[in-house]
Amino acid sequence: LVIEFNDFYIYSCCYLSRRLNQLSSHDPLWKRHCKKYWLISEEEKSQRKQSWKSIFISTYSDLGRYIQYYATLKKAWDDLEKYLGQRCPRMIGSLKESVREEDLDAVEAQIGCKLPDDYRCSFRIHNGQKLVVPGLMGSMALSNHYRSEDLLDIDTAAGGFQQRLGLKQCLPLTFCIHTGLSQYMALESVEGRNKYEIFYQCPDQMARNPSAIDMFITGTSYLEWFTSYVNKVVTGDYPIIRDQIFRVCFPFCRYVHDKECVATTGDITVSVSTSFLPELSSVHPPHYFFTYRIRIEMSKDALPEKACQLDSRYWRITNAKGDVDEVQGPGVVGEFPIISPGRVYEYASCTTFSTTSGYMEGYYTFHCLYYKDKFFNVTIPRFHMVCPTFKVSTARMVSGAAVETNHNEYAVDEDEDSADTDEYEDRRQVLDIPAPSGRCPRHT
């Protein structure tokens, strides 16, 4: 009986193995995996002239370590290339071909740190871009400031790897030719940083120690950082103007409006959206730079005699300490727009706070075009501006000695008032914003 049982068991296993072998060779099963993990299309499969199983196995042997990241990053790159190909073809020409595994291994040996797999995976798709203007990672154009960021290739990034105090074991991801600024990724958890978080460096201008560098966090991982940026590009949050991507461009940048930040007075609706700019902000001294976009629209159902012209603005600006600044002035950004039924007027401006948050509210004063002696106020809804996560440097100099701190956010000395954005030009020197070294093509 024992012999018979064992024979039956072996026979069953053999039968099961044959069935598994047959199933594993069933090509449609591999088609699903090829499309799910490697985004292989029918057209690509035809060009390769291989079975789905062979394609999966060969791809896995090359990219298997990235299986949890590859599809997400490949889709992001594909979406970006398709979008840019239609709207910004010049940018496509700046992208570099993928690198090999051995190239990435060589960089790890060179810098003495392991690269995260999501970062490596992205460079197996595209090796960043050439150092050109405009850069893939977006441009910014203010009235007195222009910058454009490139996505660095692996060799250039490795060449900029930092071991100095304040940026120990940090790898640059981007580079701005105009300002010299980079976004960095921390490859180890040192100096108060979390491993693989991405940030803009912000030197502490009040410290005697030049290694005291604060950080504005822009991503918690390469995957999150890159895919969120691509999403903003392909959804139009970052518009393309004259062959470049603009994260901020006065006055042309489109903003996504907060549905709750809307106020309607009669036939006129005012909505507001905001954005924080780490590139122009600092922690020490505390200057938190925000842009805001305002949309003024008159209902298309309004009567023609409701047409009116904006005369002045009034702002009530409150910082996180409760300090209030009131500003009143003619027009908006030097203009006196006319609003009529169905017409929309939009403008962008900026402000700074010495606190990490604050809010603005106020009203516009209009006069009627048909009844010139009739004036009325239109409410500007309260809109809040909040600085995103930043970290204060662990290096502080007190009486010539370094003091260790470990702030995740972000108490700072806040002793300056906020400023109405329409008067930004007069405050540029106060903000210590560097003079522009280039100009947006739309601003000539």
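The values are calculated or read from the model by the stated rules, or taken from the named source; none is laboratory data. No experiment lies behind these values; they were computed from the predicted model shown. Glycine also receives a Cβ, built like all others from the backbone with ideal geometry; neighbour counts cover every protein chain displayed. Ligands, DNA and RNA are stripped out before the accessible areas are found, and what is left, the full protein with its side chains, is counted by its heavy atoms. Shrake-Rupley method; radii C 1.70, N 1.55, O 1.52, S 1.80 Å.
Here are a few things to note about the model shown:
- For Asn127, the residues whose amide H sits under 5 Å from its own are Lys96, Glu97, Ser98, Val99, ignoring neighbours fewer than 5 places away on the same chain, with H placed 1.01 Å from N.
- Rounded to whole numbers, the Karplus 3J(HN,Hα) couplings from phi for region 343-351 are 8, 10, 10, 10, 8, 10, 8, 8, 8 Hz, using 6.51 cos²θ - 1.76 cosθ + 1.60 with θ = phi - 60°, and x at Gly and Pro.
- P(r) tail, region 14-123: Cα-Cα pairs separated by more than 26 Å, 35% of all pairs.
- Here the 3J(HN,Hα) profile of region 133-138, calculated from phi with Karplus coefficients 6.51, -1.76 and 1.60 at θ = phi - 60°, is 10, x, x, 5, 8, x Hz, Gly and Pro shown as x.
- Whether region 119-189 is rounded, prolate or oblate, judged on the alpha carbon gyration tensor where a/c under 1.5 counts as rounded: oblate
- Taking 0.36 nm per residue of separation and subtracting the Cα-Cα distance, full extension of the segment from Val133 to Arg100 would add 9.2 nm.
- Amide H contacts under 5 Å for His287, placed H, 5+ residues apart: Ser282
- Three-way shape label, region 70-232, alpha-carbon gyration tensor, a/c 1.5: oblate
- For region 284-299, 3J(HN,Hα) per residue [Karplus equation, 6.51 cos²θ - 1.76 cosθ + 1.60, θ = phi - 60°, Hz, x = Gly/Pro]: 10, x, x, 9, 10, 9, 10, 10, 9, 10, 10, 10, 10, 9, 9, 3
- Accessible surface ranking that places the most exposed of Ile296, Ile177 first, with a 1.4 angstrom probe: Ile177, Ile296
- Given Lys300/Lys374; Lys45/Lys130; Lys36/Lys195; Lys31/Lys232, the pairs whose alpha carbons are separated by over 24 Å: Lys45/Lys130; Lys36/Lys195; Lys31/Lys232
- Dipole magnitude of region 70-232, debye to nearest 20 (Cβ charges: Lys/Arg +1, Asp/Glu -1, about Cα centre): 420 debye
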